[in-house]
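Here is the structure we will look at.
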Amino acid sequence: MAKNTASCDCDCVHSEIVEKTRKNFPKDELLGDLSDFFKVIGDGTRIKILWALDSNEMCVCDIANLLNMTKSAVSHQLRGLREANLVKFRKSGKEVFYSLSDNHVREIFEQGLIHIQEKKGEE
């Protein structure tokens, strides 16, 4: 019976590939920051907030209403997104409006959605 595995059955090392990759490998600190970045967006509530802000600039009250959450809970999540530089805000009188920080955030978010939809055979 054949093994249905994706592991390598040999002990050879492709030294050129390993060294080329090692030269371009980011420092551990940078990879740690990248890991933290994905942890921040790895929360279901934060993804919903990013989804909303990908469509429109919104105030906390609007996001809370949309997601059926308290303003306090939304503010807590927005603080984490702000600290990770994923969202920004602007004040207009007593209101505070949130939006995605920049197009990089939008592109990462939208590319992730495209990837998931392709995997599921959706368009």
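The values are calculated or read from the model by the stated rules, or taken from the named source; none is laboratory data. Keep in mind it's a predicted model, so treat the numbers as computed, not measured. A quick note on method: Cβ atoms are made from the backbone with ideal geometry, for glycine too, and the neighbour counts reach across all protein chains shown. These accessible areas exclude ligands, DNA and RNA; they are computed on the full protein's heavy atoms, side chains included. Shrake-Rupley method; radii C 1.70, N 1.55, O 1.52, S 1.80 Å.
What does the charge dipole of region 14-74 about its Cα centre add up to, to the nearest 20 debye, if the Cβ of each Lys and Arg holds +1 and the Cβ of each Asp and Glu holds -1?
About 80 debye.
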Determine ³J(HN,Hα), in whole Hz, for all residues of region 103-109 in sequence, where each value follows from phi through the Karplus function 6.51 cos²θ - 1.76 cosθ + 1.60 and θ = phi - 60°; x replaces Gly and Pro. 5, 4, 5, 4, 5, 4, 4
Cα Rg, Dmax, region 29-98, angstrom units: 12.5, 40
Could I have the simple spin-label model distance between LYS48 and LYS20, label points 7 Å from Cα toward Cβ, reported in nm to one decimal? 4.6 nm
Considering every Cα-Cα pair within the chain, what fraction, in whole percent, is farther apart than 26 Å? 43 percent
Ranked from the most accessible area to the least, with a 1.4 Å probe and all protein chains present, what is the order of ILE63, ILE108? ILE108, ILE63
Below 14 angstrom from the Cβ of SER92, what's the summed charge of the other residues (Lys, Arg +1; Asp, Glu -1)? +1
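Taking a ≥ b ≥ c as the square roots of the eigenvalues of the Cα gyration tensor of region 6-49, is the shape rounded (a/c under 1.5), prolate (a/b larger than b/c) or oblate?
Working: a/c = 4.90, a/b = 2.00, b/c = 2.45.
It is oblate, given that a/c is not under 1.5 and a/b is not larger than b/c.
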Under 17 Å from the Cα of LYS120, which lysines turn up, not counting those fewer than eight places away in the same chain? none
Cross-link candidates for LYS27: which aspartates and glutamates have Cα within less than 19 Å, leaving aside residues fewer than 8 places away along the same chain? GLU19, ASP36
What order do LYS71, LYS119 take when sorted by accessible area (1.4 Å probe), most exposed first? LYS119, LYS71
Please calculate the 1.4 Å probe accessible area of ASP9, with all protein chains present, and give it to the nearest 10 Å². 130 Å²
Per-residue ellipticity at 222 nm attributable to helices in the chain (runs of n ≥ 4 DSSP H, -39500 (n - 2.57) apiece, nearest 500 deg cm²/dmol) works out to -19000 deg cm²/dmol
Looking only at aspartates and glutamates whose Cα falls under 20 Å of LYS71's and that sit 8 or more positions away or on another chain, we get ASP43, ASP54, GLU57, ASP62, GLU83, GLU95
Area of ILE116 that stays accessible when all protein chains are in place (1.4 Å probe, Å², to 10): 80 Å²
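So if each residue of separation counts as 0.36 nm, and I subtract the Cα-Cα distance between LYS39 and LYS94, what length gain in nm does that give? Walk me through the numbers before you get to the answer.
On the way: separation 55, 0.36 × 55 = 19.80 nm, distance 3.16 nm.
Separation in residues times 0.36 nm, less the Cα-Cα distance, equals 16.6 nm.
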